[in-house]
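The values are calculated or read from the model by the stated rules, or taken from the named source; none is laboratory data. Please read these numbers as outputs of a predicted model, since none were measured by experiment. Note that we place each Cβ from the backbone using ideal geometry, even for glycine, and neighbour counts take in every protein chain shown. Side chains are part of the model used for accessible areas, which takes the heavy atoms of the whole protein and leaves out ligands, DNA and RNA. Shrake-Rupley method; radii C 1.70, N 1.55, O 1.52, S 1.80 Å.
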Amino acid sequence: MKLILLPILAATALVVSCSEWTDPRNVDFLPRMTTYDPAALADLRAFKASEHPLLMMHVEGTPSAPNRQNQHPMAMPDSVDFLLMSRVDGLHASLVAEVAEVRAAKGTRTLNLVSYDAIRSNWEALRAEAVEAGRADEYSETKFADYCRTETRKQLEYCVTYGLDGVVASYLGGYDAEPAAPFVLAVDAWANEHADKLLFLRGYPSYVARIEGQTLVLRCNYLIILAEDARASVSISRMVREQLTEGVPTDRVILETSVPVLADGGGDPLSDAAVRTAAEWVMDPRTSSTVRCDKRGLCISNAPDDYFNKPTYRRIREALAILNPAADESNSEN
């Protein structure tokens with residue numbers, strides 16, 4: 001009898017475990033809060049509508065049915081304000097529905113990340129193939145502008161197609177941003193036609209500001225400035241100060257840092273503390289005076305890897321506790 005029952009019990013346990021892995025709803029909160037609790041959700045939406053330090057996190061879309069908990073918008077920490085979603089081409093219908101659900105239920109908004117560097121990288125890959133095939137003239141540098149403009153417009157339209165809340169224009173290129181002019185001007189033109197959508201600029205605004213005719217730097221809702229390589233408050237301040245040059249607004253700064261890559265093991269103590277250090281920099285009043293900017297919040301890249309910590313999203317929750325301690329006192333896990 002035992003030989004028959006044990007496999008059945010094991011199979012039952014496996015089914016339960018699998019359902020927990022794929023359940024899109026967040027079950028990691030203490031005290032427990034059900035997604036359908038109207039009062040709790042109303043309080044959460046009211047909190048996000050109030051003035052508070054913002055938290056953004058990068059997530060990835062998929063054209064396939066999501067099969068991991070960290071792919072579900074409804075499974076992200078409740079107090080996250082914005083999800084910056086890459087890979088939205090062909091976004092799966094279940095995720096499109098969940099984007100609308102997380103907005104209505106939790107007040108969490110989702111933006112489409114459009115990356116100049118990804119467009120450039122794809123172009124270089126196509127050009128390498130063309131050179132190998134003896135068709136190098138088809139991918140001359142003079143033709144990049146048309147490719148970049150067309151690809152940017154296509155990716156911007158995903159925001160409307162999938163009912164997203166806005167766009168994050170990402171430029172991580174060098175000081176000479178002129179090759180990115182078709183990208184930036186396409187974003188500006190799209191923003192003129194979609195005034196109801198949010199618009200963030202990520203990367204190096206001082207370089208983008210040098211592009212003739214652009215309005216992106218001044219019109220964006222937030223500037224996300226990267227400090228992923230910084231491991232101390234002083235170096236963070238230096239990186240931010242370098243980007244706040246003439247023509248760059250100082251009243252909408254979001255600092256971006258990164259969760260250590262899971263494959264790296266997170267063994268470096270400085271890397272492991274990067275998110276906490278960045279959150280402390282955002283909340284330190286002294287850095288506002290030394291850098292002379294209004295720090296509006298924190299953005300965290302490589303966020304899906306943080307799901308596998310214990311508790312889930314441990315580093316992001318630590319950042320939330322620093323950014324919004326009052327909220328953390330009422331819910332130690334949110």
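Run the accessible area of segment 74-141 with a 1.4 Å probe and give the carbon-and-sulfur part as a rounded percent. Carbon and sulfur: 53 percent of the exposed surface of segment 74-141.
The largest-to-smallest principal axis extents of the Cα set in segment 184-304 are 46, 34, 23 Å. Of all lysines in the structure, the ones whose alpha carbon falls short of 26 Å from that of Lys310, not counting any fewer than 8 places away in one chain, are Lys48, Lys106. Computed over Cα pairs, the Kirkwood radius of segment 40-144 leads via Stokes-Einstein (1.567 mPa s, 4 °C) to a diffusion coefficient of 80 µm² per second. The heavy atoms of Leu54 present about 20 square angstrom of accessible area, all protein chains included, probe 1.4 Å. The residues of segment 26-178 expose on average 45 square angstrom of accessible surface per residue, using a 1.4 Å probe on protein heavy atoms. Stokes-Einstein diffusion of segment 137-178 at 20 °C, 1.002 mPa s viscosity, Kirkwood radius from Cα pairs, rounded to a whole number: 174 µm²/s.
Assign one of three labels to segment 196-237, namely rounded, prolate or oblate, based on the Cα gyration tensor with a ≥ b ≥ c the square roots of its eigenvalues; rounded applies when a/c is under 1.5, prolate when it is not and a/b is larger than b/c, and oblate otherwise. In terms of gyration-tensor shape, oblate. In this structure Lys154 has an accessible area near 90 Å², from a 1.4 Å probe over the protein heavy atoms. Determine the shape class of segment 95-168: with a ≥ b ≥ c the square roots of the Cα gyration tensor eigenvalues, call it rounded for a/c under 1.5, and otherwise prolate if a/b is greater than b/c, oblate otherwise. Prolate. Its Cα centre serving as origin, segment 179-266 has a Cβ charge dipole (Lys and Arg +1, Asp and Glu -1) of approximately 160 debye. Once the chain from Asp176 to Arg219 is taken as fully extended at 0.36 nm per residue, the excess over their C-alpha distance is 13.4 nm. Summed over all non-identical Cα pairs, the Kirkwood treatment of segment 127-214 gives a radius of 14.3 Å.
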